[in-house]
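Peer 1: Mind looking over this structure? Questions follow.
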Amino acid sequence: MLVLAALAGCAEGNRPDEQAVAPQAAPPPPPPPPPPPVNLAGRWKLSAEGGGACFVNFASPAGAIQGTIAPEGGCPGNFFTSRKWTFEHGMLIVRDHKGEPLAQFAVGGERLDGQATNGKRVSLSR
């Protein structure tokens, strides 16, 4: 009889509704994307395949992943509409006044090579 009473007492303490359920912690937020490996701020020469070039001015705070562009005039193709740049997935993306991409550039040193959305090769150099 004593054994049954002891077993009944143990069984009562193990009910699932009485066990404490630990709340799950939210996963940590992802780290912010890294900034470009080169400081983009300043004046750059934009050159397009087949001729045509102009100067554009990139502006952004240090370490930013996006900023503005001010073309100086005479830019080839639609690059006169350049207004914004973003750094995404290791690529510099130049966008027009509507936010549409105009070109993507591989970021490396003082010269950035890329391709415009019309398929032509483009480059940026200091």
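Peer 1: Would a scan of segment 40-49 turn up a residue that is open to solvent by 90 Å² or more (accessible area, probe 1.4 Å), more than 23 Å from Asn118 (Cβ to Cβ), without any contact (Cβ under 8 Å) to a residue 40 or more places away in the chain and in a loop (DSSP other than H, G, I, E, B)?
Peer 2: The answer is no, given that none of the residues of segment 40-49 is open to solvent by 90 Å² or more (accessible area, probe 1.4 Å), more than 23 Å from Asn118 (Cβ to Cβ), without any contact (Cβ under 8 Å) to a residue 40 or more places away in the chain and in a loop (DSSP other than H, G, I, E, B).
Peer 1: Now, a different point. In segment 113-126, how many are within 15 Å of Val56 (Cβ to Cβ), touching a residue at least 24 places away in the same chain (Cβ under 8 Å) and surrounded by 12 or more Cβ atoms within 10 Å (Cβ to Cβ)?
Peer 2: Going through segment 113-126, the residues within 15 Å of Val56 (Cβ to Cβ) turn out to be 114, 116, 122-126.
So of that shortlist, the ones also touching a residue at least 24 places away in the same chain (Cβ under 8 Å) come out as 116, 122-126.
Restricting the remaining residues to those that are surrounded by 12 or more Cβ atoms within 10 Å (Cβ to Cβ) gives 116, 122-125.
Adding up the residues that qualify gives 5.
Peer 1: In segment 93-104, what count of residues is obtained for those that are in contact with a Ser or Thr (Cβ under 8 Å, 6 or more places away or on another chain) and crowded, with 17+ Cβ neighbours inside 10 Å?
Peer 2: 6
The values are calculated or read from the model by the stated rules, or taken from the named source; none is laboratory data. Every value quoted in this text rests on a predicted model; they were computed, and no experiment measured them. Please note: Cβ atoms are built from the backbone with ideal geometry, for glycine as well, and neighbour counts cover all protein chains shown. Note: areas computed on protein heavy atoms with side chains; ligands, DNA, RNA excluded. Shrake-Rupley method; radii C 1.70, N 1.55, O 1.52, S 1.80 Å.
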